[in-house]
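Worksheet for the structure shown next.
The values are calculated or read from the model by the stated rules, or taken from the named source; none is laboratory data. In this text, all values refer to a predicted model and were calculated from it rather than measured experimentally. Don't worry about glycine lacking a Cβ; one is built from the backbone with ideal geometry, like all the others, and counts go over all protein chains shown. Keep in mind that these areas ignore ligands, DNA and RNA; they rest on the heavy atoms of the full protein, side chains included. Shrake-Rupley method; radii C 1.70, N 1.55, O 1.52, S 1.80 Å.
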Amino acid sequence: MNIPLTPPQPAEAVDAASRRYREPVPLAGWNPVLASLLDHRSVRAYRPDPLAPGTVETLVAAASSAPTSSNIQAWSVVAVTDPDRRDRLAEIAGGQEHIRQAPLILVWIADLARAEAVADTAGVTLQGLDYTETFLLAAIDAALAAQNALIAAESLGLGTVYIGALRNDPKAVAELLNLPRRAAAVFGLVVGHPDRKVETAVKPRLPQQAVLHHETYSTAPLAEAIARHDRATEAFRAEQSLPPQSWSALLVDRLRDVAALKGRHKLRQTLERLGFILG
Ligand SMILES: Cc1cc2nc3c(=O)[nH]c(=O)nc-3n(C[C@H](O)[C@H](O)[C@H](O)COP(=O)(O)O)c2cc1C
């Protein structure tokens, strides 16, 4: 795909960049892909209407088109529409109501079971499976595939939200979805028709000075960039009628103690029980 860039800076591009960063950022060009990416927002209120036939297959075609480490394709996805099963996934995720509301949750699996099955057929033992590197490879493959599906869903006018809270209890998810040994859910992706009565907004991101380094990493501009992001986040939360809190305070709360990890501090042991050896 070669979508031509439209020079110079149309007003739409200037607006989209400043919505994302709450400050001007020059873009080299503008096209529908960039417009869609810069307009991303998670959706947490859905209409119950079913998705058009073929939607899951369309999203998976986008997912399958993502790059994959060494072409191993170490991911799978379980499409869950059954209300009882979604209800159970919502419970595992700490009661997240949008999992019950939306007609679909895609559960993304770091999947080394298929590689092992291929090797079994060939009568080979894969020593390479039993390392943290290989689990990470599978988790990265799953994440890249899922993000392609998210972009595809948004391009169809659908809403999405990731559900990392499935990692609160990956063993319960594995039982519910009948996952084989060496397969684990890394996150879910809720997909549905956004309830337009509930407004969503583009959430500001860290200024590029905090995340973009040229040639070597530099911490020099960090404090000032974070202060700007704290102010942007506070403004965003006020507009959304959310309790006042800076980005720095949110970050600290999320990682301050083990309780904030909601069970995920035992992930290594759980993964080992699911058949992953993290050597
Ligand atoms: C891996 C991952 C897991 C996430 N898990 C959850 C979740 O369990 N529940 C939820 O409401 N949002 C979840 N999110 C969404 C983030 O909260 C959201 O992307 C972030 O606040 C930025 O907001 P935005 O997506 O609207 O730009 C998750 C996002 C990612 C990437």
>> I'm trying to understand the selection: among the residues of region 236-255, which are of a type in the set (G, A, S) and open to solvent by less than 40 Å² (accessible area, probe 1.4 Å)?
In response: S246, S248, A249
> Considering only region 34-64, how many residues are touching a Ser or Thr at 6+ places or on another chain (Cβ under 7 Å) and more than 11 Å from the ligand (Cβ to nearest atom)?
Replying inline: 1
> Of everything in region 259-279 that's among the aliphatic types (A, V, I, L, M) and closer than 27 Å to A210 by Cβ, which residue is surrounded by the most Cβ atoms within 10 Å (Cβ to Cβ)?
Replying inline: L261
> Here is a list of conditions, (1) more than 27 Å from I92 (Cα to Cα); (2) away from the ligand (no atom under 15 Å from the Cβ), and P204 meets all of them except one; can you say which number that is?
Replying inline: (2)
>> Need pairs with beta-carbon distance below 6 Å; first residue surrounded by 13 or more Cβ atoms within 10 Å (Cβ to Cβ) and within region 38-55, second part of a loop (DSSP other than H, G, I, E, B) and β-branched (V, I, T); sequence gap 6+ or separate chains.
In response: R41/T200; R41/V202; V43/T200; A45/V198
>> Give me the helices (runs of 4 or more DSSP H) completely within region 79-177, filtered to those with at least 2 residues that are away from the ligand (no atom under 16 Å from the Cβ) and in contact (Cβ under 8 Å) with a residue 60 or more places away in the chain, ordered by residue number.
In response: 113-121, 132-155, 170-176
> under 16 Å from the mean Cα position of the chain (by Cα), within 23 Å of L274 (Cβ to Cβ) and not hydrophobic (A, V, I, L, M, F, W, C) - does that describe any residue in region 133-147?
Replying inline: yes
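Per-residue answers, yes or no, for (1) at pLDDT 95 or above; (2) in contact with a Phe, Trp or Tyr (Cβ under 9 Å, 6 or more places away or on another chain); (3) over 23 Å from A17 (Cα atoms):
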{"residue": "R167", "(1), (2), (3)": "yes, yes, yes"}
{"residue": "P170", "(1), (2), (3)": "yes, no, yes"}
{"residue": "V190", "(1), (2), (3)": "yes, yes, yes"}
{"residue": "H193", "(1), (2), (3)": "yes, yes, yes"}
{"residue": "K197", "(1), (2), (3)": "yes, no, yes"}
{"residue": "L206", "(1), (2), (3)": "yes, yes, no"}
> Taking Q209 and the conditions (1) open to solvent by less than 50 Å² (accessible area, probe 1.4 Å); (2) away from the ligand (no atom under 15 Å from the Cβ); (3) part of a helix (DSSP H, G or I), which numbered condition does it fall short on, given that it satisfies the others?
Replying inline: (1)
> Right, H214: at pLDDT 95 or above, surrounded by fewer than 17 Cβ atoms within 10 Å (Cβ to Cβ) and away from the ligand (no atom under 16 Å from the Cβ) or not?
Replying inline: yes
